[in-house]
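These notes concern the structure reproduced below.
The values are calculated or read from the model by the stated rules, or taken from the named source; none is laboratory data. Here the structure is a predicted model, which means the values were calculated and not measured. Cβ placement follows ideal geometry from the backbone for every residue including glycine, while neighbour counts extend to all protein chains displayed. Please note that ligands, DNA and RNA were not included when accessible areas were found on the heavy atoms of the full protein model with its side chains. Shrake-Rupley method; radii C 1.70, N 1.55, O 1.52, S 1.80 Å.
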Amino acid sequence: MNIVVAVSGGIAAYKTVHLVRLLTKVGHDVTVIPTEDALRFVGMPTWEAISRNTVTTSVHDDVARVRHVALGQAAELVIVAPATANTIAKMTAGLADDLVGTTLLSTTAPVVIAPAMHTEMWQHPATQANIQTLRARGVHLVGPAAGELAGGDSGPGRMSEPEEIAEAALAVIENARDLAGLRVAVSAGGTREPIDPVRFLGNRSSGRQGVALAAEAAARGASVALVVAHVSADVLAASQHPNIDIRAVGTAAELADAMKDAATRADVVIMAAAVADYRPAQAAEQKLTKEEGVLDRIELVENDDIVAGLAGARRDGQTIVAFSAETLKDADARRERARRKRARKGVDLLAVNLADAEHGFENAHNAVEIIGDEGAVVASAEGVKREVAAAIWDAVIAARRG
Ligand code: CTP
């Protein structure tokens, strides 16, 4: 396996020497990219000797082979250890002023980071916000551990031990491409049912969970049809990937058509979109006014249940997943309702999420339980939506194996 180890400037760089040794020992081809600062802690000859590969820090070396992007393009895994507060901030902003930056921007391989810094720097809101952003982009975090830090301080901020980083990194590689060859269809966002040219019936779905499911699937090798209803451009930005094909729709009826079409080519269908259960019987062509006295009585008709329809028409070997946003605080009551919903819709898996002030709609975080065969809770996950997405795909794979 072709692994790039980026080393930023912290005292923990000496531990990364051992990490490189562990990786080469089990047969991986490791290229080390130290930052200029990292070389103050461990010198070039050490990195070259331990990795048995040429080491450079400059984007101007080996220009004929466009080294500034070639390393990232060829990498099957990138590890940043130690990841200092500065390097984490640069990663978050997408800065490309050195070889580490250009490599990180040009790779589609999984990225594992092992932060190392003083406790105050780790706990600073700037660093924590950066870490959240990186996790939401699918970056895997190892540590930091709590313990002794440089200068005699102690607390969280110590880089994890090389063995732990190697183990986590190798686990990431193992299921890095576990959706390769699979075609999946995912819906995201919330439908809007027009009342008149200026009003609609809608909901609070941001589309983040569906977009995270699409991004995670593509990162793990699937080819993805993503159908979005009213997802903002900044949320949608997370789904920029060559293997994601995006189609935008507006109403439940348009979403139904797009998903039916995508499902004819999909091995897995996930309905993460929040669909309006009802629509106005008629969308008025002119703006309705209070004068007319019609705005307090809008006649509604029921929309088709899209996911139930897809489950009813399910092909052999196709897996159908639905979501259920619940506001019931009691976990048992939530599960019971979810079990009934799963049976009613006829889906393979149902991901139940609590929708409250911190979780679900309009939040970066989510917490789900996944209900499978016979109503059993087959998995649960809590975290940023990309991490929840990873757990849902794990459950899909397990269900397909079962
Ligand atoms: N869904 C759908 N078509 C609809 C409504 C919902 O495909 N017309 C899908 C959603 O995408 C989601 C799941 O069904 O995957 C859960 O929808 P939800 O509205 O929570 O379930 P309902 O059956 O409408 O039950 P209730 O609103 O009573 O909770």
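General observations
- On inspection, Arg315 qualifies as closer than 25 Å to Ala379 by Cα, away from the ligand (no atom under 13 Å from the Cβ) and free of Cβ contacts under 8 Å to residues at least 12 places away in the same chain.
- Set Arg297, Arg279: member being of a type in the set (D, E, K, R) and either in a strand (DSSP E or B) or within 16 Å of the ligand (Cβ to nearest atom) (or both): Arg279
Yes/no matrix, rows are residues, columns are (1) assigned by TED's automatic domain parsing to the domain that holds Thr289; (2) free of Cβ contacts under 8 Å to residues at least 60 places away in the same chain; (3) on the phi > 0 side of the Ramachandran plot:
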site	(1), (2), (3)
Leu141	no, yes, no
Ala169	no, no, no
Phe200	yes, yes, no
Ala218	yes, yes, no
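- Candidates Glu374, Glu299, Glu369, Glu291, filtered to the one that is open to solvent by 50 Å² or more (accessible area, probe 1.4 Å) and within 24 Å of Ala390 (Cα to Cα): Glu374
- Residue match in the range 305-314 (condition: surrounded by fewer than 18 Cβ atoms within 10 Å (Cβ to Cβ) and among the charged types (D, E, K, R)): yes
- Asp356 being under 27 Å from the mean Cα position of the chain (by Cα), surrounded by fewer than 18 Cβ atoms within 10 Å (Cβ to Cβ), more than 11 Å from the ligand (Cβ to nearest atom) and in a loop (DSSP other than H, G, I, E, B): yes
- Residue that is modelled with the lowest pLDDT [pool: residues in the range 325-344 that are open to solvent by less than 40 Å² (accessible area, probe 1.4 Å) and within 10 Å of the ligand (Cβ to nearest atom)]: Glu326
- Residue in the range 53-76 that is over 30 Å from the mean Cα position of the chain (by Cα), open to solvent by 10 Å² or more (accessible area, probe 1.4 Å), modelled with pLDDT under 95 and among the acidic types (Asp, Glu) present: yes
- Every residue from the range 78-113 that is open to solvent by less than 40 Å² (accessible area, probe 1.4 Å), in a helix (DSSP H, G or I) and free of Cβ contacts under 8 Å to residues at least 40 places away in the same chain: Gly101, Ser106
- Counting only helices (runs of 4 or more DSSP H) that fall entirely inside the range 206-266 and contain at least 1 residues that are open to solvent by 60 Å² or more (accessible area, probe 1.4 Å) and of a type in the set (Asp, Glu), the qualifying elements are 233-236, 252-263.
- Failed item, numbered, when Ile320 is tested on (1) modelled with pLDDT under 95; (2) open to solvent by less than 50 Å² (accessible area, probe 1.4 Å): (1)
- Which numbered condition Asp37 fails, given (1) within 16 Å of Ile88 (Cβ to Cβ); (2) crowded, with 20+ Cβ neighbours inside 10 Å; (3) out of contact with any Asp or Glu (no Cβ under 8 Å at 6 or more places or on another chain): (2)
- Gln286 vs. criteria surrounded by fewer than 11 Cβ atoms within 10 Å (Cβ to Cβ), in a loop (DSSP other than H, G, I, E, B), more than 16 Å from the ligand (Cβ to nearest atom) and in contact (Cβ under 8 Å) with a residue 12 or more places away in the chain: yes
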